[in-house]
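The structure appears right after this line, and notes come after that.
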Amino acid sequence: MAVVGNALGYPVSRHKARKLMREAKVKARQCKKFKVTTNSNHKYPVFDNLLGRQFDVAQPDWVYASDVTYIWTQEGGL
């Protein structure tokens, strides 16, 4: 029988830990595997970097920049 230590250091078997977790309605979460989402081998046009990291401009409404941010929810990424 495999013995695992709990948070207080007492030896607890895997089955006892499973039973206690079920009673407390605690579930273990596994990390998602890394998934590559970028495909660099495509035939779509790649646009030139016209801004060249020069974010200070002479007049307003001349340059716009943005970033893609994912917010993870229970329904998935937004």
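Just so it is clear, none of the values below were taken in a lab; they were calculated from the coordinates. Remember, it's a predicted structure, so these values are computed and weren't measured experimentally. Here the Cβ positions follow ideal geometry from the backbone for every residue, glycine too, while neighbour counts run over all protein chains shown.
Residues checked against (1) touching a helix residue (DSSP H, G or I) at 6+ places or on another chain (Cβ under 8 Å); (2) closer than 26 Å to Y70 by Cβ; (3) part of a loop (DSSP other than H, G, I, E, B); (4) without any contact (Cβ under 8 Å) to a residue 24 or more places away in the chain:
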site	(1), (2), (3), (4)
V12	yes, no, no, yes
H15	no, no, no, yes
K19	no, no, no, yes
Q30	no, yes, yes, yes
N39	no, yes, yes, yes
H42	no, yes, yes, yes
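When the range 42-70 is limited to residues that are surrounded by 10 or more Cβ atoms within 10 Å (Cβ to Cβ) and of a type in the set (V, I, T), the one that is farthest from the chain's Cα centre (by Cα) turns out to be V57.
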